[in-house]
Amino acid sequence: MENIMAEMRANLDNGSLEGVYISVMRSYGKKRKIQEAVDVFERMDFYNCEPTVFSHNVIMNILVENEYFNQAHKVYMRMKDKGIAPDVYTYTIRIKSFCRTKRPHAALRLLNNMPAQGCEFNSVAYCTVISGFYEDDHRIEAYGLFDKMLGLGIVPKVATFNKLIHTLCKKGDIEESERLLDKVLKRGVFPNLFTLNIFIQGLCKKGQLDEAARMLDTVAGEGLSPDVVTYNTLISGFCKNSKVVEAETYMHKMVNNGIQPDAFTYNTIIDGYCKLNMVQNADKILVDAVFRGFVPDEFTYCSLLYGLCEDGDIDRAMSIFNEASRKGIKRTVILYNTLIKGLCQQRLILEALQMMNEMEQKGCSPDVWTYNLIINGICKIGCVGDASTIVNNAMTKGFVPDIFTFNTLIGGYCKQLKMGEALEIVNAMWGHGITPDIITYNIILDGLCKTSNSDNVMETFKAMMEKGCVPNVITYNMLIESFCKARKLERASEFLDEIQQNGLSPDIVTFSTLINGFCENEDLDEAHELFRRMEKQYKLSPTLATYNILINAFSERLNMDMAEKLYHEMDNNSCPPDSYTYRCMIDGFCKTGKIDSGYRFLLEKITKGFIPSLATFGRVLNCLCVKHRLRDAVEIIHLMVQKGIVPEVVNTIFEADKKEVAAPKIVVEDLLKKSHITYYAYELLYEAIRDKKLLKKKLPNKILQGS
């Protein structure tokens with residue numbers, strides 16, 4: 001390029017070469033060679049080619065497009081100093097710069113000032129400002145400005161309009177895009193294929209895949225012909241939402257419509273299947289793709305490696321890794337890291353280390369992600385000391401650890417409750433110029449909550465704040481847990497206000513931790529009051545865990561009326577009870593002598609597919625025996641047999657008639673042996689299960705049908 005320029009300067013009048021300089025600058029701009037473009041512009045004066053407004057506009061636009069906003073402003077100021085009058089394109093570029101730097105109101109002032117500077121309004125300038133307002137979530141101002149533009153008779157061309165709705169669709173705001181489209185349709189602007197692709201992309205981003213598919217199918221019959229980009233956009237949307245089968249269906253549709261899938265199509269579907277651990281489906285797609293001329297690339301092999309490693313098929317993963325090399329795919333750090341990650345996930349740390357050594361031997365330097373994968377894998381198997389040694393050795397080779405490296409080591413030591421070593425790592429971070437972040441401190445605080453008193457936890461929290469690290473709701477949840485364990489409920493409750501004062505919102509974990517703290521402290525009134533406040537004041541829906549905390553607490557305090565009230569609330573809040581809920585309710589009913597309710601809940605629990613523990617069966621059986629309700633007690637024993645809740649020895653009896661007689665006896669003996677029933681209950685049950693009159697009573701139909 002420079003040689004051609006030199007030849008032209010030697011043979012032609014330099015003053016007439018501005019168009020050539022502009023073409024060269026644009027060429028460099030497209031290649032993102034910004035410095036080269038600037039150099040061409042700067043040399044124009046030197047070679048006696050005076051830059052006009054056109055040259056200034058070109059270089060400013062290149063700088064703005066590549067986010068060199070300050071440099072673009074300097075070019076503008078220099079242009080003004082030279083007395084060169086800005087034109088409509090200059091203002092449009094300046095407007096774009098203001099919008100890109102989130103200053104839409106400044107862009108609007110500049111737009112409104114254009115007529116005073118002798119420049120007429122145009123749709124590009126207007127749509128740029130409107131996009132800026134939408135990008136900055138000023139919807140009302142944006143829509144009003146769009147109306148004003150149309151009211152002035154300025155109607156954007158479809159290409160300009162497409163850029164505007166692209167801003168909205170990227171944010172998933174399809175409804176607003178459709179409102180704007182309705183307005184321009186009435187003024188003779190008709191959508192093109194690019195408009196369709198933008199809308200489909202927006203629908204996919206919002207998760208409205210059915211609507212996106214309908215749009216594609218509809219326009220196909222209305223004159224617009226979807227292209228490979230259209231199908232790829234929809235296929236990508238399906239895959240991102242784990243609907244790979246649907247994505248494959250649309251791949252076949254595009255083939256039937258005469259559109260050849262490209263590398264993006266095949267790689268997207270192969271990757272989608274691999275992420276769902278459906279490698280066999282990915283294999284079928286790949287075989288068909290290769291038959292149609294597709295050449296697998298690095299992305300293809302990375303996807304296959306990921307899927308095979310997730311599936312635990314390390315042997316085939318190694319085979320695919322070697323196949324990639326044989327087929328001319330260079331073993332890049334990305335390929336190595338994908339395999340190393342898989343090996344570490346399968347706890348094959350030695351093999352992962354061997355792979356990292358091979359990288360170095362093959363001239364592929366491990367990057368920080370390689371080391372982090374290895375270190376994370378070693379920490380997960382509990383060898384944190386070895387992980388530290390690897391980090392130290394790597395640093396002697398020039399490896400610079402990042403915050404993830406340190407956080408992994410700190411997490412490893414904290415899991416082993418080695419807080420001294422963990423805090424040493426935190427101190428070492430400062431020495432390497434890395435500032436601990438909120439994740440670092442949350443890991444430390446979690447470890448301290450398990451090993452230290454609340455004063456030590458609070459001391460670390462204050463030190464974190466002094467270092468300028470802002471806590472998040474997870475941090476406060478840990479502090480609340482620490483103070484609840486220390487029975488300092490008043491201080492723990494104060495954190496609830498502190499969370500809000502710091503602009504955060506307490507979550508369900510915050511309330512569940514506090515509620516559990518009050519329950520542990522036997523202050524059930526305060527726990528229940530906080531539970532109701534959580535719903536009314538904070539608009540948070542209780543989870544199963546929250547209900548179970550309260551139901552268990554009320555059951556232990558024998559307040560079964562309140563426990564039962566909460567239990568019935570669960571279904572109304574779309575929060576069905578689990579096995580633990582039933583256990584708490586049954587235990588409470590049995591302790592309060594409400595055996596009818598306990599017996600009913602036991603049968604209901606089994607009907608819903610839950611298997612009670614032997615302790616729960618034993619508690620109900622003991623109560624029934626005390627009340628001499630032997631028929632019901634025998635029914636439970638036979639129900640246990642039918643559901644297979646029997647000692648292993650029962651399964652060794654193969655003759656059905658013998659098994660029918662022996663199994664109930666063995667169950668009763670096992671319950672006594674494991675201390676789940678009293679000797680009194682055992683004596684009654686042992687006789688009752690041999691009483692043929694009791695055996696005649698049938699089990700409830702629902703229970704039998706569920707067996």
Q. How much length, in nm to one decimal, is gained on full extension between Gln361 and Phe69, taken as 0.36 nm per residue of separation minus their Cα-Cα distance?
A. 100.7 nm
Q.
Quick check: the distance between the Cα centres of segment 180-218 and segment 615-678, to the nearest angstrom?
A. 65
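Beyond 18 Å between alpha-carbons counts as too far, so tell me which of Lys205/Lys341; Lys205/Lys240; Lys330/Lys397 fall in that bin.
Numbers: Lys205/Lys341 29 Å; Lys205/Lys240 9 Å; Lys330/Lys397 24 Å.
Among Lys205/Lys341; Lys205/Lys240; Lys330/Lys397, the Cα-Cα distance tops 18 Å for Lys205/Lys341; Lys330/Lys397.
For a quick check of your reading of the filter: which GluC sites (Glu not before Pro) in segment 634-694 sit in a DSSP loop and have no more than 16 other Cβ atoms within 10 Å?
Details: sites: Glu635, Glu648, Glu655, Glu660, Glu669, Glu683, Glu687; in loops: Glu655.
Those that pass, being in a loop and sparsely packed, are Glu655.
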Q. Using the beta-carbon distance between Lys665 and Ile508 and R0 = 51 Å, what value does 1/(1 + (r/R0)^6) give for FRET efficiency, to the nearest 0.05?
A. 0.60
Q. Taking the Cα atoms only, what angle lies between the long axis of helix 174-185 and the longest principal axis of the chain, rounded to 10 degrees?
A. 40
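If packing is taken as the mean number of other Cβ atoms within 10 Å per residue, what is the order of 188-198, 588-598, 536-546, highest first? Present the calculation step by step, with values, prior to reporting the outcome.
On the way: 188-198: 17.1, 588-598: 18.8, 536-546: 14.5.
Taking the mean over residues of other Cβ atoms within 10 Å, the ranking is 588-598, 188-198, 536-546.
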Q: Just grab the label-to-label distance for Met278 and Thr607, each label 7 Å out from Cα along the Cβ direction, in nm (one decimal).
A: 3.8
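Could you compute the FRET efficiency for Lys539 and Val155, with r as their C-beta to C-beta distance and R0 at 56 Å, rounded to 0.05? Walk me through the numbers on the way to the answer.
Working: r = 45 Å, r/R0 = 0.80.
Once the sixth-power term is evaluated, E becomes 0.80.
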Q) In the chain, with Lys and Arg counted as +1 and Asp and Glu as -1 at Cβ, which of these residues, Val634, Asn66, Thr389, has the Cα nearest the positive end of the dipole, that is, farthest along it? A) Val634
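Taking the Cβ of Ile434 as the centre, find all other residues whose Cβ is under 15 Å away and add up their charges (Lys, Arg: +1; Asp, Glu: -1).
Combined, the nearby Lys, Arg, Asp and Glu give -2.
Contour minus end-to-end for Ala463 and Glu494, with contour as 0.36 nm per residue of separation and end-to-end as the Cα-Cα distance? Walk me through the numbers before you get to the answer.
Details: separation 31, 0.36 × 31 = 11.16 nm, distance 1.93 nm.
Result for the pair: 9.2 nm of gain on full extension.
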Q | Which of Ile499, Tyr413, Ala563, positive extreme of dipole for the chain (C-beta unit charges) | A | Ala563
Q | Within straight-line cross-link reach of Lys488, aspartates and glutamates at Cα separation under 19 Å, skipping those fewer than 8 residues along the same chain | A | Asp446, Asp455, Glu459, Asp497, Glu498, Glu520, Glu522, Asp523, Asp525, Glu526, Glu529
Q) So for the chain, taking the charge dipole from beta-carbon charges (+1 Lys/Arg, -1 Asp/Glu), which of Gly272, Gly398, Ile375 sits furthest toward the positive end? A) Gly272
Q: Report, in degrees rounded to the nearest 10, the 0 to 90 angle that the Cα long axis of helix 438-451 makes with the longest principal axis of the chain.
A: 20
Q.
What does the net charge come to around Leu445 if you take all other residues with beta carbon closer than 12 Å to its beta carbon, with K and R at +1 and D and E at -1?
A. -1
Q | Inter-site label distance for Phe291 and Val228 at 7 Å from Cα along Cβ, in nm | A | 2.0
**Q.** Karplus 3J(HN,Hα) series, Hz, for segment 524-541 with 6.51 cos²θ - 1.76 cosθ + 1.60 (x for Gly, Pro)
**A.** 6, 5, 5, 4, 5, 4, 5, 4, 5, 5, 4, 6, 7, 7, 9, 6, 9, 7
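Just to confirm a number: summing +1 for Lys and Arg and -1 for Asp and Glu over residues other than Lys206 whose beta-carbon lies under 13 angstrom from that of Lys206, what do you get? Don't skip to the end; give the middle numbers.
Working: positive: Lys170, Lys171, Lys205, Lys240; negative: Asp173, Glu175, Glu176, Glu178, Asp210, Glu211.
Charge balance in the 13 Å sphere: -2.
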Q: Rank by packing, highest mean first: peptides 172-178, 409-415, 135-141, with packing defined as the count of other Cβ atoms within 10 Å averaged across residues.
A: 409-415, 172-178, 135-141
Q. Between the helical axis of 595-607 and the dominant principal axis of the chain, each derived from Cα atoms, what acute angle in degrees is found, rounded to the nearest 10?
A. 50
(Q) Modelling each spin label as a point 7 Å along the Cα-to-Cβ direction, I'd like the Gln642/Glu178 distance in nm, to one decimal. (A) 5.3
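Give me the percent of Cα-Cα pairs in the chain that sit more than 50 Å apart, rounded to a whole number.
Details: 103371 of 249571 pairs.
Above the 50 Å cut-off, the chain has 41 percent of its Cα pairs.
Which FRET efficiency, nearest 0.05, do Glu421 and Val368 yield, Cβ-Cβ r, R0 22 Å? Don't skip to the answer; put the middle values down first.
Details: r = 22 Å, r/R0 = 1.00.
Plugging the Cβ-Cβ distance into 1/(1 + (r/R0)^6) gives 0.50.
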Q.
Roughly how far apart, in whole Å, are the Cα centres of segment 81-112 and segment 17-61?
A. 20
Q | Values of log10 I(q)/I(0), in the order q = 0.08, 0.15 Å⁻¹, for segment 408-565 under a Debye, Cα-only, solvent-free model | A | -0.27, -0.82
Q) When the chain is fully extended, how far beyond the present Cα-Cα distance does Lys658 get from Glu323, taking 0.36 nm per residue of separation? A) 114.6 nm
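Report the charge-dipole magnitude of the chain in Debye, nearest 20, computed about the Cα centre from +1 at each Lys and Arg Cβ and -1 at each Asp and Glu Cβ. Kindly include the intermediate steps, with their values, before the conclusion.
Working: 84 positive and 88 negative charges, 243 e Å.
That gives a dipole near 1160 debye.
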Q. Aspartates and glutamates near Lys80 by alpha-carbon distance under 18 Å, same-chain residues fewer than 8 away left out - which ones?
A. Glu42, Asp45, Glu50
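Just list whichever of Lys157/Lys206; Lys171/Lys253; Lys171/Lys539; Lys74/Lys102; Lys33/Lys96 have alpha carbons separated by over 24 Å in the model shown. Can you show the working numbers first?
Values: Lys157/Lys206 26 Å; Lys171/Lys253 28 Å; Lys171/Lys539 27 Å; Lys74/Lys102 19 Å; Lys33/Lys96 21 Å.
The pairs that break the limit, which is 24 Å between Cα atoms, are Lys157/Lys206; Lys171/Lys253; Lys171/Lys539.
Computed from the coordinates by the stated procedures, all read-outs in this text should not be read as laboratory data. Please read these numbers as outputs of a predicted model, since none were measured by experiment. Virtual Cβ from ideal backbone geometry, glycine too; neighbours counted across all protein chains shown.
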